[in-house]
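Undergrad: Below you'll find the structure I mean.
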2 protein chains.
Amino acid sequence: MDVRALVFDVFGTVVDWRSGVAREIARLLGERVDADALADAWRGRYLPSMDRVRRGELPWTSLDGLHRASLDELLGEFGAPETPEQVRDELVLAWHRLDAWPDSVEGLTLLKRHHVVASLSNGNVALLVNMAKHAGLPWDTVLSAELFGHYKPDAEVYDGAARLLGLRPEQVLMVAAHTDDLAAARSRGLRTAYVHRPLERGPDAPPPPPTDPDADLTVGSMTELAHRLTS
Amino acid sequence: MDVRALVFDVFGTVVDWRSGVAREIARLLGERVDADALADAWRGRYLPSMDRVRRGELPWTSLDGLHRASLDELLGEFGAPETPEQVRDELVLAWHRLDAWPDSVEGLTLLKRHHVVASLSNGNVALLVNMAKHAGLPWDTVLSAELFGHYKPDAEVYDGAARLLGLRPEQVLMVAAHTDDLAAARSRGLRTAYVHRPLERGPDAPPPPPTDPDADLTVGSMTELAHRLTS
């Protein structure tokens with residue numbers, strides 16, 4: 001593989017969204033709601049809300065905007081319909097303040113020595129920039145669905161990443177913990193690496209598949225990915 | 001000032017384009033051409049070529065593309081019309097391999113502790129990413145005219161930077177060694193800082209003005225800017 005740049009899915013792949021979102025829900029709403037259950041339900045709205053944009057039912061809406069709309073629906077269902085505006089704004093920012101998985105910063109730092117490393121996330125640019133500051137993610141640049149006006153798995157996102165980086169698709173390696181993201185990237189000519197993240201959905205959820213046989217590589221951590229690419 | 005992010009002009013402000021381009025011309029074309037004179041002439045085509053895009057006479061063309069078209073014209077004028085394609089491609093990459101001014105990396109590193117730091121350049125994304133790798137520029141993210149399909153000083157570039165960063169214009173400080181760039185940023189509501197770069201056009205050219213009285217700040221280096229913003 002002549003890979004020049006690595007582009008990373010972020011939620012679940014680089015950062016632990018579930019713990020971070022549940023922590024902020026607990027901090028801001030206290031005992032009134034089941035923080036883990038609300039985090040899971042909120043994430044459950046993620047794909048359907050983006051699909052409404054992808055199908056053209058909604059005009060382009062940033063992930064912050066989609067998160068806010070989903071939250072407004074869920075607070076009623078979770079018995080907290082009186083949550084003030086300011087607290088809702090803060091809750092949306094929980095997604096900007098997620099912590100990295102323990103291996104992410106070290107792995108990205110190693111990978112950055114010989115490759116361009118960039119996010120390629122459905123998160124909006126501000127979310128990704130704030131997250132990188134919070135979690136210490138050493139991106140060379142932030143690439144986001146927002147730059148293309150399309151959400152993954154739309155082809156425009158993968159095509160646009162290679163184009164902006166000035167590379168051919170096969171010079172770009174998409175790294176994700178989700179096989180559907182990798183399948184879409186592969187269909188646009190990118191190389192793919194699967195990261196097994198067994199705890200993404202918490203200790204009680206069924207784990208994701210241990211490997212992706214269609215990917216060029218399967219690894220258990222970003223540090224393993226760095227060693228595999230440089231050895 | 002409640003400044004949350006700093007966005008930087010790059011050519012002349014953060015990196016020394018003249019020395020770097022002349023060095024690559026000398027390396028690739030040898031004694032056949034006056035490297036300093038060709039560097040100056042090439043940069044002289046910069047504004048006129050972008051203005052053709054800004055006026056709609058050319059469709060959107062990346063800065064790499066504009067650099068290549070200008071180079072093709074100039075090589076004839078400079079007595080090197082036989083320069084092979086591959087050497088022309090390499091010459092265009094000279095703009096990806098510029099060195100930082102001596103204070104830039106230290107200043108950006110200090111500024112990054114408390115602020116988002118991003119490029120806001122007419123260079124295309126690939127150019128800016130490659131330059132950051134070459135020169136060690138620690139951007140939080142790369143912002144480029146290419147993302148907006150408009151070249152500075154078009155309003156869309158300044159407006160777009162604040163929008164992507166999720167900030168109000170007055171929370172963004174534009175840093176540049178060029179008063180026209182700062183004037184355009186100011187007209188869109190951004191704060192402005194002028195960096196005096198007396199050697200941008202070489203030791204024999206008339207220096208730029210020592211201060212910009214219309215800017216919020218005038219500094220002599222990025223380290224001075226860091227100290228001014230944190231004291």
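What follows draws every value from the coordinates through simple rules; no lab data is involved. This one's a predicted model, so the numbers in the text were calculated from it and none came from an experiment. Cβ coordinates were reconstructed from backbone atoms using ideal geometry, including for glycine residues, and neighbour counts include every protein chain displayed.
Undergrad: Give the Kirkwood hydrodynamic radius (Å, one decimal) of chain B, defined as one over the mean of 1/r across all pairs of different Cα atoms. If you can, show how the numbers build up before the last one.
TA: Details: mean 1/r = 0.0557 Å⁻¹.
Evaluated over chain B, this radius sits at 18.0 Å.
Undergrad: If you don't mind, there's one more thing I want to ask. Would any residue of the stretch A:123-167 have its amide N under 15 Å from a label point 7 Å out along Cα→Cβ of A:D214? List them or say none.
TA: A:153-155
Undergrad: Enumerate the calculated ³J(HN,Hα) couplings along the stretch B:2-16 in order (Karplus 6.51 cos²θ - 1.76 cosθ + 1.60, θ = phi - 60°), each rounded to whole Hz, writing x wherever the residue is Gly or Pro.
TA: Ordered by residue, 3J(HN,Hα) equals 9, 8, 9, 9, 10, 10, 10, 4, 10, 5, x, 8, 9, 10, 9 Hz.
Undergrad: Across the Cα atoms of the stretch A:121-175, what radius of gyration and what greatest pairwise Cα-Cα distance (Dmax) are found, in Å?
TA: Using the Cα atoms of the stretch A:121-175, the pair Rg, Dmax is 11.5, 32 Å.
Undergrad: Using the charge dipole of chain A (Lys, Arg: +1 at Cβ; Asp, Glu: -1 at Cβ; taken about the Cα centre), state which of A:A193, A:L165, A:A205 has its Cα farthest towards the positive end.
TA: So the residue we want is A:L165.
Undergrad: Can you run phi through the Karplus equation (6.51, -1.76, 1.60; θ = phi - 60°) for the stretch B:108-120 and list ³J(HN,Hα) in whole Hz, with x for Gly and Pro?
TA: For the stretch B:108-120, the Karplus-derived couplings read 5, 5, 5, 5, 5, 4, 10, 9, 6, 10, 9, 5, 8 Hz, x marking Gly and Pro.
Undergrad: List the GluC sites (Glu not before Pro) within the stretch B:1-105 that fall in a DSSP loop (any state other than H, G, I, E or B) and whose Cβ has at most 16 other Cβ atoms within 10 Å. Can you show the working numbers first?
TA: Details: sites: B:E24, B:E31, B:E57, B:E73, B:E77, B:E82, B:E85, B:E90; in loops: B:E57, B:E82.
Those satisfying the criteria are B:E57, B:E82.
Undergrad: Can you tell me which aspartates and glutamates have their Cα less than 12 Å from the Cα of B:K112? Leave out same-chain residues fewer than eight positions away.
TA: Correct list for B:K112: B:D140.
Undergrad: What is the distance in Å between the Cα centroid of the stretch A:31-101 and that of the stretch A:158-231?
TA: Cα centroid to Cα centroid, the span is 26 Å.
Undergrad: What ³J(HN,Hα) values, in whole Hz, does the Karplus curve 6.51 cos²θ - 1.76 cosθ + 1.60 give for the stretch A:55-66 when θ = phi - 60°, with x put for Gly and Pro?
TA: My calculation for the stretch A:55-66 gives 7, x, 6, 10, x, 3, 9, 5, 4, 4, x, 5 Hz in order.
Undergrad: Treating each Cα of the stretch B:17-96 as an identical point scatterer and ignoring solvent, apply the Debye formula and state log10 I(q)/I(0) at q = 0.17, 0.20, 0.23 Å⁻¹.
TA: Once normalised to I(0) and log-transformed, intensities are -0.62, -0.84, -1.08.
Undergrad: Could you quote the convex hull projected area for the protein assembly as shown, Cα atoms only and averaged over all directions, in nm²? Mind showing how you got there, number by number?
TA: Numbers: hull surface 95.0 nm².
Hull-based average projected area comes out at 23.8 nm².
Undergrad: With r defined as the distance between the Cβ atoms of A:A69 and A:S19 and R0 fixed at 22 Å, what FRET efficiency is calculated, to the nearest 0.05? Don't skip to the answer; put the middle values down first.
TA: On the way: r = 23 Å, r/R0 = 1.06.
The value I calculate is 0.40.
Undergrad: Okay, next question. Could you pull out every residue, at least 5 positions away or on a different chain, whose amide H is within less than 5 Å of the one on A:T218? Hs are placed 1.01 Å off N in the peptide plane, and Pro or chain starts have none.
TA: A:Y194
Undergrad: About the Cα centre of the protein assembly as shown, what is the dipole size in debye to 20, counting +1 per Lys and Arg Cβ and -1 per Asp and Glu Cβ, all else neutral?
TA: Values: 50 positive and 70 negative charges, 37 e Å.
The dipole magnitude comes to about 180 debye.
Undergrad: Compare the Cα positions of A:W101, A:P81, A:A37 along the charge dipole of the stretch A:35-142 (+1 at Cβ of Lys, Arg; -1 at Cβ of Asp, Glu; about the Cα centre) and return the one farthest towards the positive end.
TA: Of the options given, the answer is A:W101.
Undergrad: Right, here's the next one. Could you tell me the convex hull volume per residue, in Å³, taken over the Cα atoms of the stretch A:101-223?
TA: On the way: hull volume 13.2 nm³, N = 123.
Residue-normalised Cα hull volume stands at 107 Å³.
Undergrad: Report, by chain and number, residues whose modeled amide H sits under 5 Å from the one on B:G12, excluding near sequence neighbours (fewer than 5 apart, same chain).
TA: Residues meeting the amide H criterion: B:W17.
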